[in-house]
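To start, the structure itself, in structure tokens.
Laboratory data are not the source of any read-out in this text; all were calculated from the coordinates shown. Computed from a predicted structure; not experimentally measured. Backbone-built Cβ (ideal geometry, glycine too); neighbour counts: all protein chains shown.
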């Protein structure tokens with residue numbers, strides 16, 4: 001049986017991992033269907049009399065200080081979180097894998113240049129950097145948030161990939177491929193990428209949760225994706241002042257955030273266990 | 001030897017340089033192969049023996065140009081292997097292959113056995129589609145793997161079966177010469193004989209030439225009519241197996257041979273025990289490379305200062321020792 005199928009089988013037998021994966025799937029589905037399932041998240045039906053209403057039949061999770069429907073806003077907020085979380089993680093991993101491969105395969109000079117650059121980048125405080133950029137760039141679109149989080153988050157991946165490439169380069173099966181006359185590109189595609197894929201997938205899936213939290217933190221401070229677009233971060237911010245009189249305002253996005261991060265981490269841990277080559281077949 | 005040998009190695013030197021020290025400012029040169037000359041004729045097996053770290057693996061890999069040489073020459077069928085451009089080198093790779101010691105590490109765990117064997121067929125466009133499948137099946141059968149092995153993965157096989165798969169992968173490109181780098185050292189003794197016999201069968205059937213590298217003298221004697229003994233990057237003795245096994249001339253070969261177990265408990269032999277480890281190839285001793293460990297009673301000043309060249313003392317039997325004829 002192929003190693004990928006063995007890994008899939010290990011994953012399917014891992015109860016918490018499966019739970020995480022199902023939750024992630026449900027979240028993605030809910031975010032996709034949000035416009036069909038719920039009303040306009042920006043509508044303010046009655047800003048005077050309908051503000052901070054507790055959950056009711058009309059508003060299942062209640063309304064916020066501007067009389068907007070919290071269920072609708074929570075589901076629409078999931079879109080921002082998931083797009084930023086998954087998008088930035090994928091982009092970061094691609095960048096990291098590209099740089100890591102280049103460093104691992106290129107000569108000593110290029111390798112040194114890239115890796116010392118990564119050392120410097122890793123010493124910069126990511127959050128402070130992002131705060132500064134978005135404080136200045138007020139109209140930053142969601143794509144810019146994805147891009148900047150990705151650009152500041154690929155360094156660890158590049159190190160992992162470079163280390164794998166350096167050890168794989170010395171593997172006998174790579175020497176055998178060279179002896180057969182396989183070209184450099186063929187060796188990368190056939191022998192290096194399949195081995196690098198596993199650690200990279202694990203690192204990306206564990207990163208999604210962190211990025212979602214990072215984005216929520218930025219939104220809470222009013223940076224990045226700005227109001228009135230609903231994000232879980234700015235929704236919690238909206239509920240901050242009425243935390244005791246109308247706790248549901250902050251509770252819904254807060255719980256959604258916790259649930260999402262836990263789901264991604266469970267699934268990521270499961271992937272790591274399933275793909276770990278040391279886990280015997 | 002009458003005809004031109006298939007593989008000619010002349011004064012081959014392979015040194016590795018690596019940077020040491022905190023900032024990689026100091027360079028250290030490992031003299032892995034230090035001026036080796038040998039020939040392998042068509043359909044012949046040359047055994048290459050020596051301790052681990054003596055440079056035999058590096059020599060094998062340099063001959064195939066898997067490792068860059070420092071100086072010297074390798075000719076395959078008259079062509080200078082190091083003068084070939086990349087396209088010509090790829091064509092040449094079809095004709096010479098390698099089998100590694102550790103069948104575990106030499107098969108990509110993420111490729112099925114069938115895909116591994118197919119790699120060479122695809123690279124050299126020898127066949128495609130169903131014809132390639134047929135060739136893979138035939139090769140797997142030829143090395144004695146059960147039908148249906150192609151779809152299975154390395155972890156589903158035993159060590160001996162994996163080594164058979166590696167042999168099939170090497171045979172896929174129809175080579176004439178194969179470097180067998182300790183092909184049975186990682187296997188159980190019971191399996192070793194099976195794999196050795198497979199290699200001998202294949203040689204007879206396909207007319208292969210082998211450079212058979214091993215640290216096990218008993219194994220080499222079984223497969224190779226001619227043997228070269230390597231010590232610290234140099235050939236110290238070279239000749240027909242019968243001559244070397246019956247009357248070893250170099251003190252190092254003598255010591256190695258007394259270490260081979262004899263399957264008769266009544267036999268009593270004077271065992272020559274080699275003291276210590278071989279010296280570091282970073283800083284090999286001057287004179288005869290073996291002199292610090294040599295127990296020859298006639299060891300003298302010239303052993304310490306003058307490096308002995310290979311001398312022919314019996315027909316086809318060469319030795320690099322000042323004292324061999326005394």
Before we move on, is residue B:61 surrounded by 20 or more Cβ atoms within 10 Å (Cβ to Cβ) and farther than 16 Å from residue B:281 by Cα?
yes
Tally up the residues in the range B:195-208 that are in contact (Cβ under 8 Å) with a residue 40 or more places away in the chain and surrounded by fewer than 21 Cβ atoms within 10 Å (Cβ to Cβ), please.
4
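Out of all the residues in the range A:34-54, which are in contact with a helix residue (DSSP H, G or I) (Cβ under 6 Å, 6 or more places away or on another chain) and assigned to a loop (DSSP other than H, G, I, E, B)? Break it down into steps so the answer makes sense when it comes.
Of all residues in the range A:34-54, those in contact with a helix residue (DSSP H, G or I) (Cβ under 6 Å, 6 or more places away or on another chain) come to A:34, A:38-39, A:41.
Across the range A:34-54, the qualifying residues are A:38, A:39, A:41.
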Could you count how many residues in the range B:127-158 are within 27 Å of residue B:212 (Cα to Cα), within 13 Å of chain A (Cβ to nearest Cβ) and part of a loop (DSSP other than H, G, I, E, B)?
1
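Counting just the residues of the range B:176-191 that are over 16 Å from the mean Cα position of the chain (by Cα) and in contact (Cβ under 8 Å) with a residue 24 or more places away in the chain, which one comes out nearest to the other protein chains (Cβ to nearest Cβ)?
So in the range B:176-191, the residues over 16 Å from the mean Cα position of the chain (by Cα) come out as B:187-191.
From what is left, the residues that are in contact (Cβ under 8 Å) with a residue 24 or more places away in the chain are B:187-188, B:191.
Numbers: B:187: 15, B:188: 20, B:191: 19 Å.
Here the residue is B:187.
Of all the strands (runs of 3 or more DSSP E) wholly in the range B:1-56, which have at least 2 residues that are in contact with a strand residue (DSSP E or B) (Cβ under 8 Å, 6 or more places away or on another chain) and surrounded by fewer than 16 Cβ atoms within 10 Å (Cβ to Cβ)? So that I can check it myself, show each step before the final result.
On the way: elements: B:7-20, B:26-40, B:45-49.
Per the criteria, B:7-20, B:26-40.
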Only residues that are surrounded by fewer than 20 Cβ atoms within 10 Å (Cβ to Cβ) and within 25 Å of residue B:105 (Cβ to Cβ): list them for the range A:148-163, please.
A:159, A:160, A:163
Working only within the range B:301-316, note down all residues that are more than 23 Å from the chain's Cα centre (by Cα) and either within 13 Å of residue B:250 (Cβ to Cβ) or surrounded by 12 or more Cβ atoms within 10 Å (Cβ to Cβ) (or both).
B:302, B:303, B:304, B:306, B:307, B:308, B:313, B:314
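Here is a list: A:97, A:142, A:121. Which entry is crowded, with 20+ Cβ neighbours inside 10 Å and touching a helix residue (DSSP H, G or I) at 6+ places or on another chain (Cβ under 7 Å)?
Only one candidate passes the filter, namely A:97.
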Residue B:68: passes all of (1) out of contact with any strand residue (DSSP E or B) (no Cβ under 8 Å at 6 or more places or on another chain); (2) within 14 Å of another protein chain (Cβ to nearest Cβ); (3) exposed (fewer than 15 other Cβ atoms within 10 Å of the Cβ); (4) under 20 Å from residue B:177 (Cα atoms) but (1)
So which residues in the range A:42-59 are free of Cβ contacts under 8 Å to residues at least 60 places away in the same chain, surrounded by 14 or more Cβ atoms within 10 Å (Cβ to Cβ) and farther than 13 Å from residue A:245 by Cα?
A:44, A:45, A:50, A:59
Exactly one condition in (1) within 13 Å of chain A (Cβ to nearest Cβ); (2) touching a helix residue (DSSP H, G or I) at 6+ places or on another chain (Cβ under 6 Å) is not met by residue B:89; state its number.
(2)
The range A:164-201, subset over 20 Å from residue B:98 (Cα atoms) and without any contact (Cβ under 8 Å) to a residue 40 or more places away in the chain, residue nearest to the other protein chains (Cβ to nearest Cβ):
A:194
Could you identify the single residue in A:121, A:135 that is in contact (Cβ under 8 Å) with a residue 12 or more places away in the chain and within 26 Å of residue A:104 (Cβ to Cβ)?
A:121
Would you pick out the residues in the range B:97-115 that are under 15 Å from residue B:172 (Cα atoms), within 19 Å of the chain's Cα centre (by Cα) and more than 7 Å from chain A (Cβ to nearest Cβ)?
B:99
With the condition kept exactly as written, say whether any residue in the range B:84-93 is closer than 17 Å to residue B:14 by Cβ, buried (at least 18 other Cβ atoms within 10 Å of the Cβ) and under 22 Å from the mean Cα position of the chain (by Cα).
no
